[in-house]
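Participant: I'd like to ask you about the structure that follows.
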Amino acid sequence: MAKAPISEEALKEQFGPHLNYVPPGGWKDESIHPAEKLVKTHCCFCGQQCGIQLKVRENHIIGFEPWEDFPFNHGMLCPKGVKRYMQSGHPDRLLTPLMRRANGFQTATWDESLDFTVDKIREIQNKYGKDAFAIFGGASLSTEKSYLLGKFARVAVGTRHIDYNGRLCMVSAGTAYKLAFGIDRSTIPWSEIPKAEVLFVIGANVGECAPITTDYIWRCRDNGGKLIVADPRMTPITRNADLYLPLRPGTDLALLLGMLHVILRDGLEDRDFIGQYTTGFDDVAAYARQWDLRKAAEMTGVPPETIEKAARWIGKSKRCILMHARGLEHQSKGVENCSAIVNIALATGNIGREGSGPTMITGQGNGQGGREHGQKCDQLPGQRSLADPAAREYIAGVWGIRPEDLPQPGYSAQEIMNAIHAGEIKGLLSMCFNPLVSLPDANFTREALSKLEYFGVIDFFMSETAHHADVVLAGSLHEEEDGLGCSAEGRVIHWQ
């Protein structure tokens, strides 16, 4: 016998004030709560930024539909993406400010919590100086928010200390790419991946962290491309690799230098390209020649013949793409690691033509746009250097202040935590950053947070870090604002 539909009255009795939100598992019967419109936007959970259509009723998200016309994912979503629509209705979602009282966190009004925060910023800066207060940002913020947070820190608060959680990963790649190319962006769109003859993936657990990218990789394989994977772990994607390089953790640079050594030893470099488009190659080549196969193999644990085979495949190919992610970047020598990838691409001429180039698999939702517009400790909007007098003059003119009123470059994220321990920084406001989980040594971070005279957090869930705050301000989700982001392949997209 068919079950009778649940009445509106029964739903109200069961779900009460949460009726307009999505219960775990979604609505079972949309005939009772049909969507009023579909809103084209993007998944918020990683840098791929897959297109998705959110089903909206009474200004609340009740489900999703595939966005098959979006050119990146063509309607496909990973296990994270299919649950993307549910976060706004999650029962743990923060909707009001919280302030720490004698008996723990209690709800507070916006006026009270904001006034308290402003008073604490002024009190700390009046007592210790402008730079005694620091700001943390996040790579999940929209480009507009990133810009505004940087301006807020440098103009309203007047501190030189602002940095963001991309410092721990994508900044390494961004710095290396700016050194080589003068711009901090991926060199290819993902549509180039299936056209590669050789695809080299290092430090990237694509199958679990960027699942939709695997579709591009399988299409490359289907077209006859060879897949090389370098990773200390046997991740899902390595099981389908044509060649697997199981290097020891932290030895990526030795592996890449060993590969470049083979390319140069065997004369596989593109001399015409090097002469026409690069500078400083002789210095790089002289250093790489020190990393013979024996030395590289002993350090990395990868058999010398495997290193040799990978290098030859890359050197002999006319179209090679080299992809990397946090495993390569999230190291103390992350910039050098990424520069080594770029150097292999440049030495073999694998850039500037179809199906070739180095590229970073961006981790967070706006990892590209989030660092380009002002929340990085040494960077002004538009990837401008804070130490460049011309850039300072231009941005100061836009903001209506004097160039000398702009602070100088400040501390990076970890350096801010070190300065808190040293008593140099007394207050911190953190927005969409969870340093207790992300920064190295959680005990060190926890101790630093306990030393602060004021710690404020802006987020939409109670993170591990937020539990140590004096004030937690409820933040907004992507679907609650209108703004721009930049995807892993450099595509500027619209969040709404």
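Okay, residues lined up against (1) of a type outside the set (S, T, N, Q); (2) touching a residue at least 60 places away in the same chain (Cβ under 8 Å); (3) crowded, with 23+ Cβ neighbours inside 10 Å:
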position	(1), (2), (3)
Met259	yes, yes, yes
Asp283	yes, no, no
Arg312	yes, no, no
Gln331	no, yes, no
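Participant: If you go through segment 224-247 one residue at a time, do you hit one that is more than 30 Å from the chain's Cα centre (by Cα), outside any loop (DSSP other than H, G, I, E, B) and under 19 Å from Pro358 (Cβ atoms)?
Facilitator: no
Participant: Could I ask something else about it? Which ones in segment 77-112 are surrounded by 16 or more Cβ atoms within 10 Å (Cβ to Cβ) and aliphatic (A, V, I, L, M)?
Facilitator: Leu77, Met86, Leu94, Leu98, Met99, Ala108
Participant: If the requirement is being more than 25 Å from the chain's Cα centre (by Cα) and on the phi > 0 side of the Ramachandran plot, which of these qualifies: Gly349, Gly315?
Facilitator: After ruling out the rest, the residue left standing is Gly349.
Participant: In segment 382-421, which residues are open to solvent by 40 Å² or more (accessible area, probe 1.4 Å) and among the hydrophobic types (A, V, I, L, M, F, W, C)?
Facilitator: Ala387, Ala390, Val398, Ile401
Participant: Any residue in segment 426-438 that is without any contact (Cβ under 8 Å) to a residue 60 or more places away in the chain sitting within a Cβ distance under 6 Å of a residue that is open to solvent by less than 10 Å² (accessible area, probe 1.4 Å)? List the pairs, counting only those 6 or more apart or interchain.
Facilitator: Hits for this filter: Leu436/Thr445; Leu436/Thr465.
Participant: Does segment 198-207 include one or more residues that are part of a helix (DSSP H, G or I) and open to solvent by 10 Å² or more (accessible area, probe 1.4 Å)?
Facilitator: yes
Participant: Further question on the same structure: Being touching an Asp or Glu at 6+ places or on another chain (Cβ under 9 Å) and farther than 16 Å from His324 by Cα is the filter; apply it to segment 224-257 and report the residue that is most open to solvent (accessible area, probe 1.4 Å).
Facilitator: Residue satisfying both the conditions and the ranking: Lys226.
Participant: Going through Ile351, Ile361 one at a time, which residue ends up being among the β-branched types (Val, Ile, Thr) and surrounded by fewer than 24 Cβ atoms within 10 Å (Cβ to Cβ)?
Facilitator: Of Ile351, Ile361, the one residue that is among the β-branched types (Val, Ile, Thr) and surrounded by fewer than 24 Cβ atoms within 10 Å (Cβ to Cβ) is Ile351.
Participant: Can I ask one more? Taking into account only those residues within segment 122-151 that are open to solvent by 20 Å² or more (accessible area, probe 1.4 Å) and more than 28 Å from the chain's Cα centre (by Cα), which is nearest to Glu480 (Cα to Cα)?
Facilitator: Among residues in segment 122-151 that are open to solvent by 20 Å² or more (accessible area, probe 1.4 Å) and more than 28 Å from the chain's Cα centre (by Cα), the one nearest to Glu480 (Cα to Cα) is Arg122.
Participant: Still on this structure, I have one more. Give me a count of the residues in segment 252-280 that are closer than 25 Å to Val302 by Cβ and assigned to a helix (DSSP H, G or I).
Facilitator: 14
Participant: Now for a different question. Would you point out which residue out of Val437, Val492 is among the β-branched types (Val, Ile, Thr) and either more than 28 Å from Phe105 (Cα to Cα) or buried (at least 17 other Cβ atoms within 10 Å of the Cβ) (or both)?
Facilitator: Val492
Participant: Next question. Residues of segment 296-319 being out of contact with any strand residue (DSSP E or B) (no Cβ under 9 Å at 6 or more places or on another chain), farther than 17 Å from Thr251 by Cβ and small (Gly, Ala, Ser), which ones?
Facilitator: Of everything in segment 296-319, just one residue is out of contact with any strand residue (DSSP E or B) (no Cβ under 9 Å at 6 or more places or on another chain), farther than 17 Å from Thr251 by Cβ and small (Gly, Ala, Ser), namely Gly315.
The values are calculated or read from the model by the stated rules, or taken from the named source; none is laboratory data. Keep in mind the model is a prediction, meaning the values are calculated, not measured. Note that each Cβ is placed from the backbone with ideal geometry, even for glycine, and that neighbours are counted across all protein chains shown. These area figures cover heavy atoms from the full protein model, side chains too; ligands, DNA and RNA do not enter into them. Shrake-Rupley method; radii C 1.70, N 1.55, O 1.52, S 1.80 Å.
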